[in-house]
Amino acid sequence: MLVQLKISNYLLIEKLELDFYLGLTVVTGETGSGKSIIIDALMLIFGARANRDIVRTGAQAANFEATFLLSNQNAISWLQENALLDLDNPDSVICRRTVDNQGKSKIQINGHGVTALQIRTLGDYMLDIHTQHASITLLKADTQRSLLDQFCAITIEVDKLGVLYKQIQELSTKLNLATTAMHDLEIKREVLSEKITELSALNLHAGEWEQLQEEHKQLNNAGEVLSELDYALRLLNGSEESMLNTIGNLHTHLNKIINYIPRLEQPLKIVDSLDIEIRELSHELNLLAQDITQDPIRLAEIESRMEEIFSLSRKYRLDPTILQETLANFEQELSRLNQDSDIAQIEQELLGAKAKYNDLAASISKKRAAGANKLAKEVTGLLRPLAISGQFNISLISSVKPTAYGLESIEYQVCFNQGMPLQSLTNAASGGELSRVALALYLLLSINNPPEVIIFDEIDVGIGGKVAAVVGQMLAQLGTSKQVICITHQPQAASFGSNHLVVSKTINKTTTITHVDYVKDDARIAEVARMLGGVHITDATLVHAKEMLTQHVV
């Protein structure tokens, strides 16, 4: 729902701030007053082309801002996907555009800069504008299909069909890749199998390489180790000049003179301590020497095993410590390749998905055909009181190949006059007749269908009297489920509005300013009377205007 529109420095608008309400809002005014100002501003906000000529003379820039309440789930999802939803105010969205006097433009959604394409996409979800010259949402093929599917109550089925279609595309791509790359995959499998065979045959255990290195280091240096240990043991206690004998002699000589120097008691304790420490050291070195063995056969076995491991490490340019991990990775990759290249399985899955798609698509086509016939008859019936004597038709055109939406495309067709050939709604004459077709369609489909803001201009071109009253009645009926804004020239249509805006101009010596104001009570009666009677408004005209409003205004 459009809640508020702000415009400043746009053509003859100096500053304008309008609140909008539910129901049907009619916009009227003298010819040339600029009644399309609201439509033009919204189209500019949602990506229409703009140049510097739209900036009010003497101003730096023209500014536009529209605030909407959000209830369209597609719009909310799109804002979320593009990180544009205001989390502090998730129920509303503010769209802004600025065009400066150099023609440069800035567009924002909730304060974030966006492209014209992005704002147009959001606009497609939010509103539909019907004018004599503008493209309208109803002319888009996706909209026509979506409206028919919702009328037929098959939207959920079409969504499921889209999932199947995507699955078919993915499986087809997978099958194509598997088939075309079969030779390469076979080579990869052979290479991986060879690597796995070699690494598996190695039968490497966790931590084995590190253990082999440690044992090899000991065996390879056993002779040197024993030689050095023997020297150390001889130095400690292996001769008359060993450290233990020297300590013993030192103790004997000092003990002889302790009676003369009592203070030698502490040094003797140190000597005793050294004797104990050296004996402990000698014991530990003996134990080490006993553990060291010289085993040329075991050394040769270790060197052979290390060479076996290192040979594969060099071959695959890997550190020996990660050979086990690499084997596991190779096995996983081979398993994946075998799974991905199982062409028979992929073909079977693809056949199954296609069968499900065809069954569901056939059911959808049948329901579309029945729904299209029913909807076309109902729309045609509504066109008669709208002064269109022709016919509305929905054509289901078989697609060359299946699509995400089914086996056919949808084309709305119309002839505005009885006996004339049908033509695509997209190619039909624009203006009031096309807007009345849209009115009939939206009236039939309005309850559960977006957009929620529908704007009509030129809908009453070439009609009057009873037909204009019918248009007004239908607009008011549509306004019970949608927010409808209609620029009208007909008092019969204007009298059905729940809200009434009047566009006017004031001219002074130097400037012309456009005003847009809500009218009610006597002011509204006067405006409807002006539309009825032109320049000279009589008491009878005022009475007529009051009667029309009394009958129609909600």
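See the values below:
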item: Residues of the range 492-506 with amide N under 18 Å of a point placed 7 Å along Cα→Cβ from His515; result: 500-506
item: Amide proton proximity set for Ala428, modelled H, under 5 Å, gap of 5+; result: none
item: Derived scalar couplings ³J(HN,Hα) [the range 155-168; Karplus, 6.51 cos²θ - 1.76 cosθ + 1.60; whole Hz; x for Gly, Pro]; result: 4, 5, 5, 5, 4, 5, 5, x, 5, 5, 4, 5, 4, 4
item: Positive-pole candidate from Gln324, Ala83, Asn427, dipole of the chain, charges at beta carbon; result: Asn427
item: Estimated vicinal HN-Hα couplings, Hz - the range 83-94 in sequence order (Karplus 6.51, -1.76, 1.60; Gly, Pro = x); result: 6, 10, 6, 7, 5, 7, 9, x, 8, 9, 9, 10
item: In nm, spacing of pseudo-spin labels at Leu351 and Arg120 (7 Å Cα→C-beta vector); result: 4.6
item: Separation of the Arg279 and Asn221 label points, Cα + 7 Å toward Cβ, nm; result: 3.2
item: FRET efficiency for Ile537 and Thr31, using Cβ-Cβ distance with R0 set to 25 Å, rounded to 0.05; result: 0.90
item: Built amide H within the under 5 Å cut-off of His130, gap 5+; result: Ile455, Phe456, Asp457
item: Cα-centre dipole for the range 298-401 with unit charges at Cβ (Lys and Arg positive, Asp and Glu negative), debye to 20; result: 1380
item: Protein accessible area in the range 1-113, 1.4 Å probe - carbon and sulfur %; result: 45
item: Amide H contacts under 5 Å for Gly390, placed H, 5+ residues apart; result: Asn417, Gln418
item: Accessible area of the range 324-447 belonging to carbon and sulfur atoms, whole % at 1.4 Å probe; result: 51
item: Gained length - Glu194 relative to Met420, 0.36 nm times residue gap less alpha-carbon distance; result: 73.7 nm
item: For the chain, size of Cβ-based charge dipole, Lys and Arg +1, Asp and Glu -1, in debye; result: 4360
item: For the chain, convex hull volume per residue from C-alpha positions, Å³; result: 324
item: Gain upon complete extension [Asp342, Lys6; 0.36 nm per residue less C-alpha separation]; result: 114.8 nm
item: Trypsin sites (Lys or Arg not before Pro), loop per DSSP, at most 16 other Cβ atoms within 10 Å - longest free stretch of the chain; result: 318-508
item: DSSP beta bridges in the chain [antiparallel fraction, %, rounded to 5]; result: 70
item: Cβ-defined net charge surrounding Leu164, 9 Å radius [Lys, Arg +1; Asp, Glu -1]; result: +4
item: Within straight-line cross-link reach of Lys374, aspartates and glutamates at Cα separation under 14 Å, skipping those fewer than 8 residues along the same chain; result: Asp149
item: Residue-by-residue Karplus 3J(HN,Hα) for the range 382-392, coefficients 6.51, -1.76, 1.60, Hz, glycine and proline x; result: 6, 6, 4, x, 9, 6, 10, 8, x, 9, 10
item: For the chain, calculated [θ]222 nm from helices alone, where every DSSP H run of n ≥ 4 adds -39500 (n - 2.57); result: -18000 deg cm²/dmol
item: Segment Arg305-Gln213, extension gain: residue separation times 0.36 nm, minus the distance between their alpha carbons; result: 32.1 nm
item: Lysines whose Cα lies under 19 Å from that of Lys269, excluding same-chain neighbours fewer than 8 positions away; result: Lys256
item: 1.4 Å probe accessible area per residue over the chain, in Å²; result: 55
item: Pairs from Lys166/Lys401; Lys106/Lys505; Lys6/Lys509 whose Cα-Cα separation, in the structure shown, is over 20 Å; result: Lys106/Lys505; Lys6/Lys509
item: Protein accessible area in the range 181-295, 1.4 Å probe - carbon and sulfur %; result: 53
item: Cα centroid separation, the range 236-268 to the range 21-71 (Å); result: 114
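The values are calculated or read from the model by the stated rules, or taken from the named source; none is laboratory data. On a predicted model such as this, the values are computed, not experimentally measured, just so you know. FYI the Cβ positions are ideal-geometry reconstructions off the backbone, even for glycines, and counts take in every protein chain you see. Please note that ligands, DNA and RNA were not included when accessible areas were found on the heavy atoms of the full protein model with its side chains. Shrake-Rupley method; radii C 1.70, N 1.55, O 1.52, S 1.80 Å.
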